[in-house]
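The values are calculated or read from the model by the stated rules, or taken from the named source; none is laboratory data. Worth saying up front: this structure is predicted, and the values here are computed from it rather than measured. Cβ placement follows ideal geometry from the backbone for every residue including glycine, while neighbour counts extend to all protein chains displayed. Accessible surface is based on the protein model in full, side chains and every heavy atom, while ligands, DNA and RNA are left aside. Shrake-Rupley method; radii C 1.70, N 1.55, O 1.52, S 1.80 Å.
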Amino acid sequence: MIKGIKGVKDLLPEETPRWRFLEETARRWASRYGFHEIRIPIFEVTTLFARSIGTSTDIVEKEMYTFQDRDGTSVTLRPEGTAGTVRAYIEHNRAAVPVPQKYFYLGPMFRHERPQAGRLRQFHQFGVESLGTADPRADVEVISLLWRMLSDLRLPGLTLEINNLGYTGDRDAYRPHLVAYLKQYESRLCVNCRNRLEANPLRVLDCKVPECRAITETAPRLAESLSGEANSYFTKVLMGLDAVKIPYALNHRLVRGLDYYNLTTFEVTSTNLGAQNAVGAGGRYDGLVETLGGPPTPAVGFALGLERMSMLAPEFERAKMLDDASIYVAGFGDQGSMAGLAALEELRLTGLTTVSDFRSTTLKAHLRQADRLACRFTLIIGDDEAVKGSAILRNMETKAQHDVTLSGLAPQISSLVTSP
Ligand code: ATP
Ligand code: MG
């Protein structure tokens, strides 16, 4: 037997209504905030991700699905959505469009990680990118979208953490202080962090290993090296969050260790998620468009993991699914079967959700299937009914039955199934 790949999940029909609900919630909230959907490719040339995510990150160092195309080009399955979105923005010269470019995307991402609860190799993200606006209100707008949507879903135990990364110059000023401090404890840092110390010391602050966390707790803080300009920008973001009444906690360890990330960075976590506690994260990345060859373009966005969102929202009423399969057609006997087939067709063409199980040959077997499929009504057509040109509509809950005629069937059924 051939099995699916580890960390790559099937979503069976019992689960898809709930996923659709989550996706529709995301779409609805994005559109309320004026974000429009962009659909970017599943794979891109590898250099796009290497350059935009950064070579000293976990993603680029060890998580990308990279392979050679037949012509020798190195291509990669997208590990996130910002790189492709920014590439499309540049390629289609969206900077020339005279209104803010606000995009959202929804779809699968691929990272070679160790699969566990809430960590998959093919997972799904909802993300937004607000391009072209260097105003603290744009930061507040994306944070608000993230926060309000998660709150609307009533996800438990949420916290919004936020930090100020300042500008490149601020971090250049800070880095030597941090490195000098960390060097004192080098032998106690995890192997990854010892490497980060050289390549990207700020990312040591982000490490989840308890020993590293204990060490960085008392490290010099980036906040102490920030310029007045960076401080005043961040103050406005916090004032905006206060104005729209979104609660936040400052977390000086929240970093994205790359040069084109700057100023605001944030993450929403949940206490109900265990080890993989981040639901969504984002920040400002004013340097990225230029790094990828576009015009200087300020930008801010976030990405949210749908699997983790789904884990947090386990209970959705079955009612949502019941509405789906509403009429069952029980056609049996030679003539009844044919008349049943015609009835299915007619009801479907008028827009009613109509199903049957063609393996059932008796009324009893049909009714059992109608119950299993949670149909609210069953249209019964045996040979006797077919000969008379009639059928019986049975309400599966009340057991009440109505005679109907096969000619002009659809309008009769429509009015019976919609009447209270
Ligand atoms: P983590 O610290 O969990 O590895 P990350 O910093 O790699 O997260 P981002 O790249 O910021 O995550 O992605 C944003 C969101 O996407 C995360 O908060 C998480 O909800 C989700 N996510 C990231 N990687 C995975 C994965 N392998 N499986 C499921 N969801 C994921
Ligand atoms: Mg990760």
- Item | Phi to ³J(HN,Hα) by Karplus 6.51 cos²θ - 1.76 cosθ + 1.60 over region 338-350, Hz, x for Gly, Pro | 5, 4, x, 4, 5, 5, 3, 4, 4, 5, 5, 5, 8
- Query: Tell me, what is the per residue accessible area of the chain in Å², probe radius 1.4 Å?
  - Reply: 50 Å²
- Message: I'd like the antiparallel share, as a percent to the nearest 5, of DSSP beta bridges with both residues in region 323-418.
- Response: 55 percent
- Message: Compute a Gaussian network model of the chain, connecting alpha carbons closer than 10 Å, and tell me which residue from Ile246, Ile162, Ile392 fluctuates the most.
- Response: Ile392
- With springs only between Cα atoms under 10 Å, which of Thr353, Thr16, Thr216 fluctuates most in a Gaussian network model of the chain? Thr353
- Query: How much of His402 can a 1.4 Å solvent probe reach, expressed as accessible area in Å² and rounded to 10?
  - Reply: 90 Å²
- Query: Quick one: Karplus J couplings for region 26-35, per residue in order, coefficients 6.51, -1.76, 1.60, θ = phi - 60°, nearest Hz, x for Gly and Pro?
  - Reply: 4, 4, 5, 5, 4, 6, 4, 8, x, 9
- Query: Could you give the alpha-carbon Rg of the chain over 2.2 N^0.38 Å, rounded to two decimals?
  - Reply: 1.28
- Query: Given H placed 1.01 Å from N in the peptide plane, which residues other than close sequence neighbours of Ala330 have an amide H under 5 Å from its amide H?
  - Reply: Leu379, Ile380, Ile381
- Query: What is the calculated FRET efficiency for Thr235 to Lys208, with r their C-beta to C-beta distance and R₀ = 35 Å, to the nearest 0.05?
  - Reply: 0.75
- Message: Just to be sure I understand the curve: with the Debye formula and one point per C-alpha of region 1-123, what is log10 I(q)/I(0) at q = 0.11 Å⁻¹?
- Response: -0.49
- Query: Leaving out ligands, DNA and RNA but keeping every protein chain, what accessible area does Asp170 have, in Å² rounded to the nearest 10, with a 1.4 Å probe?
  - Reply: 10 Å²
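For the chain, what is the percent of antiparallel DSSP beta bridges, rounded to the nearest 5?
Bridges in the chain are about 80 percent antiparallel.
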- Provide the gained length on full extension for the span Val179 to Glu91, in nm with one decimal, where the gain is 0.36 nm per separating residue minus the Cα-Cα distance. 27.8 nm
- Using a 1.4 Å probe on the protein chains only, how many percent of the accessible area of the chain belongs to carbon and sulfur? 53 percent
- Item | Sequence-distant residues sharing a close amide H with Arg121 (under 5 Å, placed H) | Val8
- ³J(HN,Hα), Karplus 6.51/-1.76/1.60, whole Hz, each residue of region 401-413, x for Gly, Pro: 10, 10, 7, 9, 9, 6, 7, x, 5, 4, x, 5, 5
- Top mean-square fluctuation among Arg87, Arg51, Arg111, Gaussian network model of the chain, C-alpha springs under 10 Å? Arg51
- Query: Got a sec? Which residues in region 142-179 would a label at His252 touch, if it sits 7 Å along Cα→Cβ and we count backbone N under 17 Å?
  - Reply: 161-167, 170-179
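Starting from region 266-316, pick out the chymotrypsin sites (Phe, Trp or Tyr not before Pro) whose DSSP state is loop and whose Cβ has at most 16 other Cβ atoms within 10 Å. Intermediate results must be reported in sequence, preceding the final value.
Working: sites: Phe266, Tyr285, Phe302, Phe316; in loops: Tyr285, Phe316.
Of the chymotrypsin sites (Phe, Trp or Tyr not before Pro), the ones in loops of region 266-316 whose Cβ has at most 16 other Cβ atoms within 10 Å are Phe316.
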- The answer for Glu80, listing residues at least 5 apart or on another chain whose modeled amide H is closer than 5 Å to its amide H, is Phe110
- Query: How high is the relative contact order of region 323-418, in percent, counting Cα pairs under 8 Å that sit 6 or more residues apart?
  - Reply: 30 percent
- Going from most exposed to least, what order do Arg148, Arg284 have by accessible area with a 1.4 Å probe? Arg148, Arg284
- Task: Just reorder Leu189, Leu238 by solvent-accessible area, largest first, 1.4 Å probe, all chains present.
- Result: Leu238, Leu189
- Query: Where a Cα-Cα gap under 26 Å defines reach, which lysines qualify for Lys183, not counting those fewer than 8 residues away within the same chain?
  - Reply: Lys62, Lys208
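Between rounded, prolate and oblate, where does region 323-418 land on the alpha carbon gyration tensor, with a ≥ b ≥ c its root eigenvalues, rounded for a/c under 1.5, else prolate if a/b exceeds b/c?
Here region 323-418 falls in the rounded category.
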